[in-house]
Amino acid sequence: MNVQAAAEPHTPTPTAAPAHLRRLVLTGFMGAGKTTIGRLLAQRLGWDFLDLDAYIETRTGLSVPGIFATHGEPRFRQLESAALASALGRSSVVLALGGGTPEVLTNRLLLEQTPATSTIFLDAPCPTLFDRCMMQALNPGTTDRPNLADPAVAEARFLARQPIYRRLARLTLSTDSLTADETVDALLSGLNRSPAPRN
Ligand code: S3P
């Protein structure tokens, strides 16, 4: 079940995830804030945080843009699926996916079939996401995003992925007008309000 959530001003924000959950997974397009929100959420819960792109880089010893440039996107997707399967073996973990992770059927099945796991979609309009990515790219040390190189192709990917993100998620959050802290509040409130999933 996919529930739209927003922070409710008079309800105290829960500080824990629902007791049946062991893994929270953040999904959304590039620039959605998966890593920033994921880190903050993990801190709030006292859980570990794992960024899937960083995990791929640790496992392979290669950078994400390096994998795209040298081996191509299909190889990157294979490495990403293997890293996802490994990451989902952990408990008490907040996992930030890459923007393209849910495009792959294997990955969606892994996410849907891992018990005690809920996926949250961080949604924002395309221009907001592009602006955030452009701002991030100005920071030294930011990893390049090969799939943003052609804006028209990136926009087509954004449109194609929206229904995939939405279907996969137990909770969808519009992050456009929320700070990172407000997003974490809305996420925890929404999760604690929505019914327990089947798995
Ligand atoms: C990608 C998103 C990136 C990274 C890779 C491909 C995509 O992750 O996995 O560059 O296809 O959307 P972020 O969403 O964390 O930028």
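The values are calculated or read from the model by the stated rules, or taken from the named source; none is laboratory data. This structure is a prediction, so every number in the text was calculated from the model and none was measured. Cβ coordinates were reconstructed from backbone atoms using ideal geometry, including for glycine residues, and neighbour counts include every protein chain displayed. Note: accessible area is taken over every heavy atom of the protein model, side chains too, but ligands, DNA and RNA are not part of it. Shrake-Rupley method; radii C 1.70, N 1.55, O 1.52, S 1.80 Å.
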### Solvent-accessible ranking of Y165, Y55, largest area first, probe 1.4 Å
Y55, Y165
### Task
Kindly report, to the nearest 10 Å², the accessible surface of T183 as traced by a 1.4 Å probe over protein heavy atoms only.
0 Å²
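Quick one: with all protein chains in place, what share of the accessible area of the chain is carbon or sulfur, to the nearest percent (1.4 Å probe)? Don't skip to the end; give the middle numbers.
Values: 5280 of 9590 Å².
C and S atoms contribute 55 percent here.
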### Task
Heads up, I need the accessible area for F49: 1.4 angstrom probe, whole protein in place, Å², nearest 10.
60 Å²
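Rounded to the nearest 0.05, what FRET efficiency do A180 and S92 have when you use their Cβ-Cβ distance and R0 = 30 Å?
Working: r = 21 Å, r/R0 = 0.70.
My answer for the efficiency is 0.90.
What fraction, in whole percent, of alpha-carbon pairs in the chain exceed 29 Å separation? Before the final figure, lay out the partial values.
Details: 3576 of 19701 pairs.
Roughly 18 percent, rounded to a whole number.
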### Query
Counting only protein chains, not ligands or nucleic acids, how are T172, T179, T70 ordered by accessible area (probe 1.4 Å), most first?
T70, T179, T172
### Task
Please say if region 98-199 is rounded, prolate or oblate, where rounded means a/c under 1.5 for a ≥ b ≥ c the square roots of the C-alpha gyration tensor eigenvalues, and otherwise the choice is prolate for a/b larger than b/c and oblate otherwise?
oblate
